[in-house]
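Accompanying notes for the structure given below.
Computed from the coordinates by the stated procedures, all read-outs in this text should not be read as laboratory data. Note that the coordinates shown come from a computational prediction; the quantities given were computed from them, not determined experimentally. Note that we place each Cβ from the backbone using ideal geometry, even for glycine, and neighbour counts take in every protein chain shown.
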Amino acid sequence: MAKLWGGRFEAGLDPDAKAFSYSLDWDRRLAPYDILVNLAHAKALFKKGVFSADELETVSIALKALETRIASGDETVWGDDEDIHSCIERQLTECCGDLGKKLHTGKSRNDQVITDTRLFLKDQLNSHRQALLELLETLYHLAEQYRDRLFPGFTHFQPSQPILFSHHLLAYFEKFQRDYQRFELVLKTVDVCCLGSGAMVVNNYGLDRGLIAKELGFSTISMNSMDAVSDRDFCLEYLFSASVCMTHLSRFCEEIVLWVSPIIGFINLSDSFTTGSSIMPQKKNPDIAELIRGKSGRVLGNMVSLIHILKSLPLTYNRDLQEDKELLFDTCDTLNGALICFNKMIRTMTLNDSAIDAALEKGYLLATDFADYLVGKGVPFRESHEITGKTVSYAIQEGKALEDLSLEEFHLFSDRVQEDVFGVLELRHSVDSKQVTGGTATEEVKKQLKRIQEKYKWKKP
Ligand code: ARG
């Protein structure tokens, strides 16, 4: 088809250069937004007398008909067009003749493409926020369900101190809640209308940018046309926030991969989120968790790619900027898929009480409580730490847990130890002593669950 910019060219674009640069194969995804942008622009042209009422009506009907064709999956819409904007304009011209050609008055693909992209991202951000809300709800219900379940807490993946499993789940609740809030902030950055900026210095027609923004549902308009067409901060902020969210998913997935291994065996995953091996019949592999973990690297890569694309670009629009869209599309799809699969996967996971109980017996999880017990008996903490270390070392040699040592054995290391030590060397006692806001004590977790419930008001599943 005739290009949008053929006038001064004699030779056509080299076929390889064409294949290299045309973007319709993937930016066709912006079609519904491009149509909205064209509709809003037509209204602005009408307001300035560039379009008559009849022309506005004809163009609007044609654009809506095109939207219906695209929505119904009509593949004949797509032709040999450079990009989505060229494609829509060609379709419109085929349908309305010169009127189709007139619609580009006062706009440029440079302001059009960012307006399309911003509209697209607003929808994607809403999907992410919805998926995150559903995930938060799942985590809340799981934390309720397993509220009192004792669990080993880890640092350096070494058994450290006993916790409630609900406290572990609510740790992720906090992370995903921050992701939700971050996406809300990104939404503010994205929610700016740039149409009217033209190629770089607005337009000669005095188009009412406020009207265009209102038509398109944007809260505000950009304040510098040159910034507007060259800015991709909103994409970067989105990619950063998506990377953080994927990182959180990945960390939880790493734990799931470890916990589900028969070597640890804390959890079972549903058959629907695991796969078998083509050669080892006994295998039940956590592929979905592994893929989420892997894809987090890919999303981070998308962010790094875009910041590199931007770093040396002079003002204003440069074709390099076309590279933003595949990165964005890939990130949106990856994150949406990951959030949905992860939510379903953890909703159907079950705990293996016996494996968790066995792990709680190992690893000297109560050592810190023993040190604190000695502090209560007047021993300075650094000294009690030393005594505890020696006691643990002795217990390891004897193949006993701390709580299995006799009073005589404790006295080998400190004469401050009394009969009441056995009440302290108890997992539930340890957990419930952590009565500080943000702590793992049952009372603290209950308070936190209550705060969450007051905020979100979720119904029982
Ligand atoms: N396909 C282009 C992009 O995605 C649209 C803007 C093209 N502008 C231009 N002056 N060549 O960035």
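How do 194, 332, 96 rank when sorted from fewest to most other Cβ atoms within 10 Å of their own Cβ?
With the fewest neighbours first, 194, 332, 96 line up as 96, 332, 194.
Using just its DSSP H runs of length 4 or more, each adding -39500 (n - 2.57), the chain gives a mean residue ellipticity at 222 nm of -20000 deg cm²/dmol after division by all residues. The distance linking the stretch 145-164 with the stretch 277-301 is 25 Å (Cα centroid to Cα centroid, whole angstrom).
How do 259, 78, 5 rank when sorted from fewest to most other Cβ atoms within 10 Å of their own Cβ?
Taking fewest neighbouring Cβ atoms as first place, the list is 5, 78, 259.
The Cα center of the stretch 431-461 and the Cα center of the stretch 349-419 differ in position by 28 Å. By the scheme Lys and Arg +1, Asp and Glu -1, what is the net charge of all other residues having a beta-carbon under 13 Å from that of residue 133? Residues near residue 133 contribute -1 overall. Separation of the stretch 69-96 from the stretch 114-130 is 22 Å, based on Cα centroids. If you sort the three axes of the alpha carbon gyration tensor as a ≥ b ≥ c, you get a/c of 1.5 or more for the stretch 1-73 and a/b no higher than b/c, which makes it oblate.
The residues packed around residue 12, meaning those with a beta-carbon under 15 Å from its beta-carbon, carry a net charge of -3 if Lys and Arg are +1 and Asp and Glu are -1. Relative contact order of the stretch 305-461: 14 percent, from C-alpha pairs under 8 Å at least 6 residues apart in sequence. Among 303, 349, 223, a tally of other beta-carbon atoms within 10 Å of each Cβ gives an order, fewest to most, of 223, 349, 303. Candidates 384, 411, 424 compared by Cα position along the dipole of the stretch 360-461: farthest toward the positive end lies 424, with charges placed on Cβ. Computed on the chain, with alpha-carbon pairs under 8 angstrom and 6+ residues apart, the relative contact order is 15 percent. Of the peptides 308-317, 405-414, the ranking by mean beta-carbon count within 10 Å, highest at the top, reads 405-414, 308-317. From the Cα gyration tensor of the chain, with a ≥ b ≥ c the square roots of its eigenvalues, which class applies: rounded if a/c is under 1.5, or else prolate if a/b is larger than b/c, or else oblate? Cα axes put the chain in the prolate bin. Counting charges near residue 219 (Lys, Arg +1; Asp, Glu -1) among other residues having Cβ under 12 Å from its Cβ returns a value of +3.
One-quarter of the Cα convex hull surface for the stretch 1-139, in nm²?
11.0 nm²
Each Cα pair under 8 Å and six or more residues apart adds its sequence gap; the mean of these over the residue count of the stretch 94-221 is a relative contact order of 33 percent.
When a/c is below 1.5 the answer is rounded, else prolate if a/b is larger than b/c, else oblate, so apply that to the stretch 126-243 with a ≥ b ≥ c taken from the square roots of the Cα gyration tensor eigenvalues.
It is prolate, given that a/c is not under 1.5 and a/b is the larger ratio.
Beyond 19 Å in Cα-Cα separation lie the following of the pairs 43/325; 122/325; 188/311; 175/455; 47/102; 344/457: 43/325; 188/311; 344/457. Sorting the segments 260-271, 24-35 by their mean number of nearby beta carbons within 10 angstrom, highest to lowest, gives 24-35, 260-271.
The label-point distance for residue 353 and residue 458, in a model that sets each label 7 Å from Cα toward Cβ, rounds to 2.3 nm.
Label-to-label distance, residue 411 versus residue 312, with points set 7 angstrom from Cα along the beta-carbon direction: 7.8 nm.
Charges were assigned to the Cβ only: +1 to each Lys and Arg, -1 to each Asp and Glu. The resulting dipole of the chain about its Cα centre is roughly 1000 debye.
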